[in-house]
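Below is one structure, written out as structure tokens; comments come after it.
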Amino acid sequence: MCGIVGILGRGPVAEQLVDSLKRLEYRGYDSAGVATLENGRIDRRRAEGKLKNLAARLAASPLPGRLGIGHTRWATHGKPTENNAHPHVTERVAVVHNGIIENFRELRHALEKEGAVFTTETDTEVVAHLVDSYLTKGLSPVEAVKAALPRLRGAFALAFIFQGHHDLMIGARKGSPLAVGYGDGEMYLGSDAIALASLTDTISYLDDGDWVVLNHAGGEVHDAEGAVVEREVIRSGASAFLVDKANYRHFMAKEIHEQPEVVGHTLARMVDMASERVALPVKLPFDFRDIRRVVITACGTASYAGFVARYWLERFARLPVELDVASEFRYREAPLGKSDLAIFVSQSGETADTLAALRYAKAQGAYTLAVVNVATSTIARESQVVLQTLAGPEIGVASTKAFTCQLMVLAALSIAAGRARDELSAEDEVRLVRNLVEVPRLMAAALACEPQIERLAREIAKSRDVLYLGRGTSYPLALEGALKLKEISYIHAEGYAAGELKHGPIALIDETTPVVVIAPFDPVFEKTVSNMQEVAARGGRIILITDAKGAAEATIESVATITMPDMVAFTPLVYAVPVQLLAYHTAVVMGTDVDQPRNLAKSVTVE
Ligand code: AGP
């Protein structure tokens, strides 16, 4: 994940910027840079690799200035070179960016037509030139940023400084977090409280869509509509503790809200944004054309990610996929061989059953591929291929951001397999990658349903049993939704394939049983509507999670309809958000220990 810092100071800032960036090293990065303003002019130093290289660059060629911005970059668009390192500049603007600008290509073409000259492969440089183009039109820096922001599509956080403006720094947040820090005659911007901990513990977090104008006297926050708003100022207390809850009540809440950012970084690791093709970060030791069968095994939430992937691998790569939970797989003595690919999904990379299953598959001669969040974990070290999710540290016992990052990795892998087996054309691949590139922004949009879900949770909290129904890739998401609810609220919940309702579970339905139906408007939507009618006919209370078309077509009186943004493919990545939020807010109403639910461990390293 990238990291952003900005200091509007009273003394030299270059070294303070590097020190703040050091606190963001836990996010992972491959280059870094700072820019400051001195005598009205912007100047910068950047370096590939670790911050010590940037520090050496600054020691050799100091950067004066009491206003500056800094950045640690995880390459998304363009290689991790010094030239692609942030800050990106024109003569009049310097900007640092965390996230993805989806429409950078069309903006770049338009700006080049206006005479802009680009020198990097990054999406970020487009932001600098776009703001600059408004300065050329005579707008002030504040007006220029205000005009540019609505034209940027994606999930991102930004910080700007301007030539000739020593008492101005502007920040903007849309999908990736950004905090404002308050000092004594100084003001700061940072990706989180940790970045600011060496400068201040008095901070406020911007809401999605906010942008903030800072000067030495303070800051003025504007919402997406431009209205001046107040954001709560809190004492962060982040200081030494590396990972903090930010301004959330629980780690789980923070991790649900981090998903647009971390899924975006996982996406960027798996695809080449410029060519809009999948670009796996590692070379595979096999050719997908030689693979006859895929076996996916994991535990709990990770197994449901694998379950979703089965649909994608079969659909896009025409590969037969076998699924099993690791605790069963490890003892089944399943026949495996060198034409099998065994995929192991694990957040911790230490789950005993999954590790045992990996060792069994290796002994049988199958290829082994791990999707893990901890690159140094045992499962990672013992697998032939590792595709890492970039969720960052997941503290809440209930897995959320790791799950959606696993889905992102598996979606990209499914496309790569389909392409390698000539089941997908180059045009299919571009189309599907474009669908993936939209996901971080759509996840950020899905988070807007939180207030509605918070109200619904109060009803769910009164229930004894809750059913979750789904078809296709929404079926494993129904299983995940039931697991989320029961593991943190302790309310009994079951997930079913919607078509299974008539084969027994319908006996459970009465007016006290909420039924959560996960149903985007897809080819099987009508079938699910008739399942919902069966539920409604028995007094069951339905909570329908769908999109605008599904909400319009669903001809039953559901208790509540939670409307997701329109999507063409990969719906579980976005529909996971309301499912997670429903479990979270129900647990909050129940007063359980959300981050550390009873009887549970974050990593089950024993059988
Ligand atoms: C998820 O909410 C649970 N905490 C649990 O099911 C977890 O997914 C499972 O234990 C697997 O853990 P892993 O991903 O670290 O292997």
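The values are calculated or read from the model by the stated rules, or taken from the named source; none is laboratory data. Given the structure is predicted, the values throughout are model-derived calculations rather than measurements. We place every Cβ from the backbone using ideal geometry, glycine too, and count neighbours over all the protein chains shown.
Of all the residues that make up the range 558-607, how many are at positive phi and within 15 Å of the ligand (Cβ to nearest atom)?
Residues meeting the conditions: 1.
Checking the condition at pLDDT below 95, closer than 21 Å to residue 473 by Cβ and either more than 16 Å from the ligand (Cβ to nearest atom) or touching a Cys at 6+ places or on another chain (Cβ under 9 Å) (or both), which residue from 528, 555 passes?
528
Could you tell me which residue of the range 358-377 is nearest to the ligand (Cβ to nearest atom), considering only residues that are touching a strand residue (DSSP E or B) at 6+ places or on another chain (Cβ under 7 Å) and part of a helix (DSSP H, G or I)?
358
Residue under question is residue 402, and the condition is that it be touching a residue at least 24 places away in the same chain (Cβ under 8 Å), in contact with an Asp or Glu (Cβ under 6 Å, 6 or more places away or on another chain) and within 16 Å of the ligand (Cβ to nearest atom); does it hold?
Yes, satisfied.
All but one of (1) of a type outside the set (Asp, Glu); (2) under 23 Å from the mean Cα position of the chain (by Cα); (3) farther than 14 Å from residue 295 by Cβ hold for residue 371, so report the exception by its number.
Of everything listed in (1) of a type outside the set (Asp, Glu); (2) under 23 Å from the mean Cα position of the chain (by Cα); (3) farther than 14 Å from residue 295 by Cβ, residue 371 misses just condition (3).
Could you go through the range 270-280 and let me know if any residue there is assigned to a helix (DSSP H, G or I) and in contact with a strand residue (DSSP E or B) (Cβ under 9 Å, 6 or more places away or on another chain).
Looking for residues that are assigned to a helix (DSSP H, G or I) and in contact with a strand residue (DSSP E or B) (Cβ under 9 Å, 6 or more places away or on another chain), one finds at least one in the range 270-280, hence yes.
If a residue has to be assigned to a loop (DSSP other than H, G, I, E, B), crowded, with 19+ Cβ neighbours inside 10 Å and touching a Lys or Arg at 6+ places or on another chain (Cβ under 9 Å) to count, how many in the range 123-171 make the cut?
2
Filtering the range 469-516 down to residues that are in contact (Cβ under 8 Å) with a residue 60 or more places away in the chain and assigned to a loop (DSSP other than H, G, I, E, B), which residue is farthest from the ligand (Cβ to nearest atom)?
472
Go through 433, 466 for me and flag whichever is among the aliphatic types (A, V, I, L, M), away from the ligand (no atom under 14 Å from the Cβ), in a strand (DSSP E or B) and at pLDDT 95 or above.
466
If a residue has to be outside any loop (DSSP other than H, G, I, E, B) and either more than 25 Å from residue 349 (Cα to Cα) or not hydrophobic (A, V, I, L, M, F, W, C) (or both) to count, how many in the range 549-580 make the cut?
Here the count works out to 15.
Can you pull out every residue in the range 318-346 that is without any contact (Cβ under 8 Å) to a residue 60 or more places away in the chain and within 9 Å of the ligand (Cβ to nearest atom)?
326, 344, 346
Looking only at the range 261-289, count how many residues are under 13 Å from residue 414 (Cα atoms) and β-branched (Val, Ile, Thr).
2
Taking the range 24-52, which residues are outside any strand (DSSP E or B) and under 27 Å from residue 373 (Cα atoms)?
Across the range 24-52, the qualifying residues are 24, 25, 26, 27, 28, 29, 30, 49, 50, 51, 52.
Quick one: which residue in 456, 424, 469 is buried (at least 20 other Cβ atoms within 10 Å of the Cβ) and within 19 Å of residue 309 (Cβ to Cβ)?
Sole residue among the options that is buried (at least 20 other Cβ atoms within 10 Å of the Cβ) and within 19 Å of residue 309 (Cβ to Cβ): 424.
Report, by residue number, each residue of the range 307-351 that is surrounded by 21 or more Cβ atoms within 10 Å (Cβ to Cβ), of a type in the set (Gly, Ala, Ser) and farther than 24 Å from residue 430 by Cα.
326, 342, 346, 348, 349
Would you confirm, using the coordinates I've provided, whether residue 592 is over 21 Å from residue 406 (Cβ atoms) and in a loop (DSSP other than H, G, I, E, B)?
In short, yes.
Quick one: which residue in 548, 536 is away from the ligand (no atom under 16 Å from the Cβ) and surrounded by 15 or more Cβ atoms within 10 Å (Cβ to Cβ)?
After ruling out the rest, the residue left standing is 536.
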